[in-house]
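One structure is given below, encoded as structure tokens.
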Amino acid sequence: MALRITKAELPAEVEQDMIKQFGAVPEPFEVTAHNPKVARDSSEMGGKVNEWDMADEGLKTFAHMAVAALVGCGWCLDINYFQALNKDLDLNKASQVPRWRESDVFTPLERDVLEYAEAMTNTPPTVTDEQYASLLGRLGEAAMVELTASVAFANLATRNNSAHGISSQGFSDACGIPLSARPGTRPEPRSEPRSETGPETRPEPRSEQSGVASTA
């Protein structure tokens, strides 16, 4: 996949902050910077999403990755796997999300959440009453609302990035376990990370949250 729009020039201080956080400037930031209002509001939205805390972080991250795998957003898979490392999630499970149906590492609840994320992402959505009720009974109202909103946000981010032609930047290279490919697909060529120290720079894990979810 090739980027379909030029990258906007970021202010030096913003670019330096991005490199400090991620080891490279995330391509979605360079794209949305063409429209300052979109860039600002998207970042704020992502920051708010990161603050939600009524649903399990692992379930939300795996669900976002499942959406990304289904839509075909390599950037979202890449950054969310990197974020899984930052959040101390089970990397063996995170690495298997693109092929979760064939994997035996997930719990019944995790498998149901991944299936729900895909059902929400299908066009038209294929969520059933039984599927929803089953998750609602185990998660509770607050977590179910949060999970559903998180999956909807993942659809916004993945489809936005895919339409722009934004591809993987290799953030997940910091993870010790290679990220599996979705069955029937080829690994997506990644774009070269742009940083002050050259394209070979790789991000180091960081625990703090940022507005990266706005474009993840």
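The values are calculated or read from the model by the stated rules, or taken from the named source; none is laboratory data. Keep in mind the model is a prediction, meaning the values are calculated, not measured. Cβ coordinates were reconstructed from backbone atoms using ideal geometry, including for glycine residues, and neighbour counts include every protein chain displayed. The protein model used for the area step is the full one, side chains on, heavy atoms only, and it has no ligands, DNA or RNA in it. Shrake-Rupley method; radii C 1.70, N 1.55, O 1.52, S 1.80 Å.
A few points about this structure:
- Residue check, residue 93 out of contact with any Leu (no Cβ under 6 Å at 6 or more places or on another chain), open to solvent by 60 Å² or more (accessible area, probe 1.4 Å), free of Cβ contacts under 8 Å to residues at least 60 places away in the same chain and in a helix (DSSP H, G or I): no
- Residue that is most open to solvent (accessible area, probe 1.4 Å) [pool: residues in region 104-120 that are touching a residue at least 12 places away in the same chain (Cβ under 8 Å) and not in a helix (DSSP H, G or I)]: 105
- Meets criteria (out of contact with any Leu (no Cβ under 7 Å at 6 or more places or on another chain) and at pLDDT 95 or above) for residue 127: yes
- Residues that are within 16 Å of the chain's Cα centre (by Cα) and open to solvent by 20 Å² or more (accessible area, probe 1.4 Å), drawn from region 22-43: 29, 42, 43
- Residue 58 being at positive phi and under 18 Å from the mean Cα position of the chain (by Cα): no
- Residues (over 20 Å from the mean Cα position of the chain (by Cα), in a helix (DSSP H, G or I) and aliphatic (A, V, I, L, M)) located in region 1-21: 12, 14
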